[in-house]
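Visitor: First the structure, then my questions, so here it is.
The values are calculated or read from the model by the stated rules, or taken from the named source; none is laboratory data. Note that this is a predicted model, so its numbers are computed, not measured. Quick reminder, even Gly has a Cβ in these numbers, built from the backbone with ideal geometry, and neighbours come from all protein chains shown.
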Amino acid sequence: MPEDLAIRIEDLSISYKVSLEAKRTLKNAVMRASLKQKERTRTIEAVKHLTLDVPHGSVLGIVGSNGAGKSTLMRCVAGILSPTEGRVTVNGKISTLLALGVGFNPALSGRDNIILGGLASGLNMDEISNKTDEIAEFAALPDGFIDLPVRTYSSGMYGRLSFAVAVSMTPDILLLDEALSAGDAAFKEKSFERMRQLCAEARTIVIVSHALATVTDLCDSAIWMHKGQMLSKGKPEAIVDEYLKFLNVGSLPSSYEDM
Amino acid sequence: MPVNENFVPKIQVFEPHRASLPPLGPYLKEFWTRRVFATELARFSDKAEYLDSRLGKVWLVLNPLLLGLIYYLVVEIIRPGGGLPGLTRLDHLLIGLFTFYFAQNCVTAGAQSITLGGRLILNQAFPRALLPLSCAIQAFQQFLWTIPVYIFVLIGGKLAYPTTEVPGWTWNFLWIPFIVICTGLTGFGLALIFATLNVYFRDTNKLLTYITRIWMYLSPVLWLPSSLRGHMKILLWVNPLGPVLNATSRVWVSGVSLNKSTIVGCIFWALASILMGGYYFISRERDFAIRI
Ligand SMILES: Nc1ncnc2c1ncn2[C@@H]1O[C@H](COP(=O)(O)OP(=O)(O)OP(=O)(O)O)[C@@H](O)[C@H]1O
Ligand SMILES: [Mg+2]
């Protein structure tokens, strides 16, 4: 892999095998075996033959309608899902902020969750205790909330905390999936600021967002995914334009029909 | 393109896999560097569990003690007369029960750790075996809480019945750490197997409640290892907890040293559980994210 690349995706396909059984249980498995039936499954190809290079220090935006495979792609780059075909090579320390937020335990305080989140993503205790205050400060939760159980947070406060944890890891590669949707305008401005700073330090960011303004504001290139395929790739403005046209017209431009 | 000054090249390649092991070296290294995550997770889960109830820690001690007394009553009633004096049997039952619960807690909590790991598993890449490990650590800490209970009953019993055969201090107690480690390893290894099964078959957990119950009756907890006759003795060897519970009874209650076959049995089941569980779990764990 060339040195200037942060992520290289080669002919990547990812499929989910979904069981059509109501519930996958030992009981059902035994029943099926005794009746000599096979489990009914369906294969969903979430990502199909995708090839893409992301150089260090670039900000890539991914747009596409629901179910296009964006989150699946992000999980694969993070090493959470493994490819069905093809290969993903990643160079650098990854930090993720994916759709559902960190594995926060709702019964514990924000501060405790920062520690757990940090440890899960591979920091050691010293690094975290140095950072807890910094994270708390960045998340800027209203008075005292940082020491209250996370279950008492609003979804925006939850989002703020998750974002603060993810950026504090000083990752080489930051993967954000719908990360900024819950924050208010002030926090959005602050997080944009932080992401620009990360880019200036030549760190790589991949953003999945349905807020197209985020993509045009922050990214220096973008791709459009549709039903698992990458339809086009280029300047964010151009991609967003194309995508918007598609959303308005409701059908793919004729040039894509043979894909 | 300039790379930031703190950049440390760290190349990771993700490729398709079949049901086979990932490179074990990097896996174990990653596992080791993140072990603090498992201990802290155990500490925090404890905290989350007992945050609400101030009595939480008290129950931790009271629960096994009460269960021990209940079982003692049951055993006393159905006992066919004669045999060992009461205090010895009570001691055997308590420490056997506590040791058995240590292993059982490893298995039952560990079995659910993956399916309950939800967001953590979907959003973070880390060696998944850390989750059952954290359950094992929690089970170990709960086990430690029961030791003072045992010692308290022992001292009380010795004061009440000065003629009892239950030993005071002996150097053979130095075998205890060995027994506890073997119990923990066996429990952790079995937890890895059931955690994996539970991902594929969601009713494994329900089944497990029956398995653990039968398992306890087949283990030398309610009965003494010495009460087995003839080929029934095989129960002490085919049961993964047989050797450690036998050893527990010998060392804690009788204060004697371990014989070679018991030591070999303990080590055998600890290694066998870890190796089988580790293989099954690690070869499947890349599947977990798409199945939970
Ligand atoms: N855990 C899963 N099991 C089975 N199928 C899944 C799973 N997760 C996603 N899929 C399927 O994979 C496809 C892509 O899903 P994905 O979540 O990647 O879409 P997305 O682009 O992130 O959509 P959104 O914009 O709604 O977040 C969808 O068809 C979805 O049904
Ligand atoms: Mg998504």
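Visitor: Restricting the first residue to the stretch A:69-85 and requiring it to be at the interface with another protein chain (Cβ under 7 Å from one of its Cβ atoms) and in contact (Cβ under 8 Å) with a residue 60 or more places away in the chain, which pairs with a second residue that is among the hydroxyl-bearing types (Ser, Thr, Tyr) and more than 9 Å from ligand 1 (Cβ to nearest atom) meet a Cβ separation below 7 Å and a spacing of at least six or different chains?
Guide: A:ALA78/A:THR96; A:PRO83/A:SER13; A:THR84/A:SER13; A:GLU85/A:SER13
Visitor: Something else: Just give me the residues in the stretch A:165-204 being within 16 Å of ligand 1 (Cβ to nearest atom), touching a helix residue (DSSP H, G or I) at 6+ places or on another chain (Cβ under 7 Å) and of a type in the set (Asp, Glu), in sequence order.
Guide: Narrowing the stretch A:165-204 to residues within 16 Å of ligand 1 (Cβ to nearest atom): A:175-182.
Remaining after also requiring touching a helix residue (DSSP H, G or I) at 6+ places or on another chain (Cβ under 7 Å): A:175, A:177, A:179-180, A:182.
Residue satisfying the conditions is A:ASP177 alone.
Visitor: Look at the stretch A:58-91 and say how many of its residues are more than 14 Å from ligand 1 (Cβ to nearest atom), in contact with a Ser or Thr (Cβ under 7 Å, 6 or more places away or on another chain) and polar (S, T, N, Q). Walk me through it before giving the result.
Guide: Filtering the stretch A:58-91 for residues more than 14 Å from ligand 1 (Cβ to nearest atom) gives A:58-60, A:79, A:85-91.
Of the ones still in play, those that are also in contact with a Ser or Thr (Cβ under 7 Å, 6 or more places away or on another chain) are A:58, A:60, A:85-86.
Now drop any that are not polar (S, T, N, Q), which leaves A:58.
Summing the residues that are more than 14 Å from ligand 1 (Cβ to nearest atom), in contact with a Ser or Thr (Cβ under 7 Å, 6 or more places away or on another chain) and polar (S, T, N, Q) in the stretch A:58-91 gives 1.
Visitor: Somewhere in the stretch A:67-84, is a residue over 18 Å from the mean Cα position of the chain (by Cα), away from ligand 2 (no atom under 13 Å from the Cβ) and surrounded by fewer than 24 Cβ atoms within 10 Å (Cβ to Cβ)? Spell out the reasoning first.
Guide: Taking the stretch A:67-84 and keeping what is over 18 Å from the mean Cα position of the chain (by Cα), we get A:84.
Imposing the further condition that a residue be away from ligand 2 (no atom under 13 Å from the Cβ) reduces the set to A:84.
Now restrict to residues that are surrounded by fewer than 24 Cβ atoms within 10 Å (Cβ to Cβ): A:84.
Yes: one or more hits.
Visitor: I'm checking my understanding of the structure. Among residues of the stretch A:207-222 that are of a type in the set (S, T, N, Q) and outside any helix (DSSP H, G or I), which one is farthest from ligand 1 (Cβ to nearest atom)? Before you say what the answer is, go through the steps one by one.
Guide: Taking the stretch A:207-222 first, the residues of a type in the set (S, T, N, Q) are A:209, A:214, A:216, A:221.
With outside any helix (DSSP H, G or I) added as a condition, the list becomes A:209, A:221.
Numbers: A:SER209: 9, A:SER221: 18 Å.
Taking the candidates together, the pick is A:SER221.
Visitor: For the stretch A:176-206, enumerate the residues that are within 16 Å of ligand 2 (Cβ to nearest atom), more than 14 Å from chain B (Cβ to nearest Cβ) and either outside any strand (DSSP E or B) or modelled with pLDDT under 85 (or both).
Guide: Taking the stretch A:176-206 as the starting set, the residues that turn out to be within 16 Å of ligand 2 (Cβ to nearest atom) are A:176-182, A:206.
Remaining after also requiring more than 14 Å from chain B (Cβ to nearest Cβ): A:180-182, A:206.
Across the stretch A:176-206, the qualifying residues are A:LEU180, A:SER181, A:ALA182.
Visitor: Continuing with the same structure: Output the number of the condition that A:SER95 fails; it satisfies all remaining conditions of (1) in contact (Cβ under 8 Å) with a residue 60 or more places away in the chain; (2) under 27 Å from B:GLY118 (Cβ atoms); (3) within 16 Å of ligand 1 (Cβ to nearest atom).
Guide: (3)
Visitor: Okay, next question. Those residues that are hydrophobic (A, V, I, L, M, F, W, C) and surrounded by 12 or more Cβ atoms within 10 Å (Cβ to Cβ), I need them from the stretch B:59-73; list them, please. First the steps, then the outcome.
Guide: Taking the stretch B:59-73 and keeping what is hydrophobic (A, V, I, L, M, F, W, C), we get B:59-62, B:65-67, B:69-70, B:73.
Across the stretch B:59-73, the qualifying residues are B:TRP59, B:LEU60, B:VAL61, B:LEU62, B:LEU65, B:LEU67, B:LEU69.
Visitor: When the residues of the stretch A:207-223 are narrowed to those that are crowded, with 23+ Cβ neighbours inside 10 Å and away from ligand 2 (no atom under 15 Å from the Cβ), which ends up nearest to the other protein chains (Cβ to nearest Cβ)?
Guide: By that ranking, first place goes to A:CYS219.
Visitor: If you go through the stretch B:161-183 one residue at a time, how many are polar (S, T, N, Q), outside any helix (DSSP H, G or I) and surrounded by 12 or more Cβ atoms within 10 Å (Cβ to Cβ)? Please lay out each step first, then the result.
Guide: Applying the first criterion (polar (S, T, N, Q)) to the stretch B:161-183 yields B:163-164, B:170, B:172, B:183.
In the following step, the residues that additionally are outside any helix (DSSP H, G or I) were identified as B:163-164, B:170.
Now narrow it down to the ones that are surrounded by 12 or more Cβ atoms within 10 Å (Cβ to Cβ): B:164, B:170.
Within the stretch B:161-183, residues that are polar (S, T, N, Q), outside any helix (DSSP H, G or I) and surrounded by 12 or more Cβ atoms within 10 Å (Cβ to Cβ) number 2.
Visitor: Considering only residues that are closer than 30 Å to A:THR96 by Cβ and either without any contact (Cβ under 8 Å) to a residue 12 or more places away in the chain or in contact with a Lys or Arg (Cβ under 8 Å, 6 or more places away or on another chain) (or both), which ones fall in the stretch B:126-170?
Guide: B:PHE126, B:PRO127, B:LEU130, B:LEU133
Visitor: Looking at A:VAL54, A:VAL59, A:VAL88, A:VAL47 in this structure, which one is more than 16 Å from ligand 2 (Cβ to nearest atom), more than 9 Å from every other protein chain (Cβ to nearest Cβ) and in contact with a Cys (Cβ under 9 Å, 6 or more places away or on another chain)? Explain how you work it out, then say what you get.
Guide: Details: A:VAL54 fails: in contact with a Cys (Cβ under 9 Å, 6 or more places away or on another chain); A:VAL88 fails: more than 9 Å from every other protein chain (Cβ to nearest Cβ); A:VAL47 fails: more than 16 Å from ligand 2 (Cβ to nearest atom).
Testing whether each residue is more than 16 Å from ligand 2 (Cβ to nearest atom), more than 9 Å from every other protein chain (Cβ to nearest Cβ) and in contact with a Cys (Cβ under 9 Å, 6 or more places away or on another chain) leaves just A:VAL59.
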